[in-house]
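The numbers here are math on the coordinates, done by the rules we state, and not lab data. Quantities reported herein were computed from a predicted structural model and do not represent experimental measurements. Backbone-built Cβ (ideal geometry, glycine too); neighbour counts: all protein chains shown.
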């Protein structure tokens, strides 16, 4: 498997951007055939799935796959037969390995587990270089924002959960590769008290500010209150749905252009946003099928129950017709921005900001990141029953012991942020919303 370097990835991305839609589609089909053949030869899992495929198969002939089944067959799934789940888990036990290559070849990420089931994902250098090329050439909806970013010094600050996650892990990887960028790039853990984040951002004065919309919304309040005083040229959000009212609030607070993208650990940067706020698919590397609950296609303009994702860039850990619970609406009509790739609307993750009697707001992904690290906590849901009373619903092998650990770390975080709350163990398991069927980890008062 020949490695694609960053220079080549940039050239390939640039050329694809100038292709007609039919040319990009043919290129993606060629890559699909190569990926499926490679997976069938080198992954025992896919070899079994593809054993009886017709010679002239098309995408919809391929069986769908899902997170639970893939993780249950992890050692059979990877095409590098020297990598095992045990070795990966051992590597991840040492947090000093965040952003470091396992065996000198693979970055290790874990998904946030927004549906309650986290996944471990390997990126080789080719996968990282393609992701970087897409970010460099397509991340900015407006060219003037890229120019301003470069002209003002390229200082980039992000506020994401620290760990083996795509956002913070990628920053760590870049800093390990290019240590001279230490003064130009940083990630602040969302679990850091807000006052400390504000202090560090004021000192750093970022030209680009990135993070979850819910977290950046709280920082906009700090800016309005006069405690935070930064003026980024651009604000890049990710990890959650960017609602219109939050976009406008961020633009008013910080003065820079605000945009988002559509990414996930399994697919990398799948879509880039244009000036019309449409999310265009990077369709030479990403295939997205919009389907109903039974994996049957739904027409353009209709919201899907989920999507089937095919990532053509990851050959070490193939994701081919992989089920993702995101609900989207696909569009093939002309956008008007100049990009002719299909575009979509996404429902997005919907965890809630928690507001307490003290008037303090805490962002959901900060709370999530804390609970995600509790040993033995397989699945969880924190439900606000009163302003300062929360119920922790759990799936755990030893619920009493695990609740004690979870309560301890949550109370420590709350105290650091000036919140005094009561937390009790729920008697029911984590629940999906009875009407929408969506799962929330963090549920605010009155939103259950």
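Each peptide in 289-302, 185-198 was scored by the mean count of other Cβ atoms within 10 Å over its residues; highest first, the order is 185-198, 289-302.
Pairs of Cα atoms nearer than 8 Å and 6+ residues apart set the relative contact order; for the chain it is 14 percent. Note on residue 71 and residue 296: their simple-model spin labels are 3.0 nm apart, each label 7 Å out from Cα toward Cβ. Comparing Cα centroids, the stretch 92-167 and the stretch 26-74 end up 26 angstrom apart. Would you mind getting the Kirkwood hydrodynamic radius of the stretch 141-262 from its Cα pairs, rounded to one decimal in Å? Value: 14.4 Å, from the Cα pair sum. Between residue 20 and residue 385, take the C-beta separation as r, use R0 = 56 Å, and let me know the FRET efficiency to the nearest 0.05. Using R0 = 56 Å, I get an efficiency of 0.50. Label separation (residue 34 vs residue 93): 3.9 nm, computed from points 7 Å beyond Cα along the C-beta direction. Going by neighbour counts of Cβ atoms within 10 Å, the residues 280, 331 line up, fewest first, as 331, 280. Approximating the spin labels as points 7 Å out from Cα along Cα→Cβ, the residue 152-to-residue 196 distance works out to 2.7 nm.
The Stokes-Einstein estimate for the stretch 1-83, based on a Kirkwood radius over Cα pairs and taken at 37 °C with 0.692 mPa s viscosity, is a diffusion coefficient of 221 µm²/s. For the pair residue 84 and residue 428 in one chain, pulling the backbone fully straight at 0.36 nm per residue adds 120.3 nm over the alpha carbon distance. Each peptide in 37-43, 84-90 gets a packing score, the mean of other Cβ atoms within 10 Å over its residues, and the list from highest to lowest is 37-43, 84-90.
Using bins 10 angstrom wide from zero, how does P(r) for the stretch 369-448 break down, in % of all Cα pairs? Calculated P(r), rounded to whole percents: 18, 54, 26, 2. When peptides 49-56, 91-98, 265-272, 305-312 are ranked by their average number of other Cβ atoms within 10 Å per residue, the highest-first order is 265-272, 305-312, 91-98, 49-56.
The candidate values were [x] 149; [y] 139; [z] 259; the one computed from these coordinates for volume of the Cα convex hull per residue in Å³ carries the label [x]. Prolate is the label for the stretch 223-325, because the ratio a/c of its alpha-carbon gyration tensor axes (a ≥ b ≥ c) is 1.5 or higher and a/b is greater than b/c. With the cut-off at 1.5 for a/c, could you classify the stretch 107-186 from its C-alpha gyration tensor as rounded, prolate or oblate? Taking the square roots of the gyration eigenvalues as a ≥ b ≥ c, the stretch 107-186 is prolate. The stretch 382-408 and the stretch 238-273 have their alpha-carbon centroids 31 Å apart. For residue 331 and residue 136, the FRET efficiency from 1/(1 + (r/R0)^6), where r spans their Cβ atoms and R0 equals 25 Å, is about 0.45.
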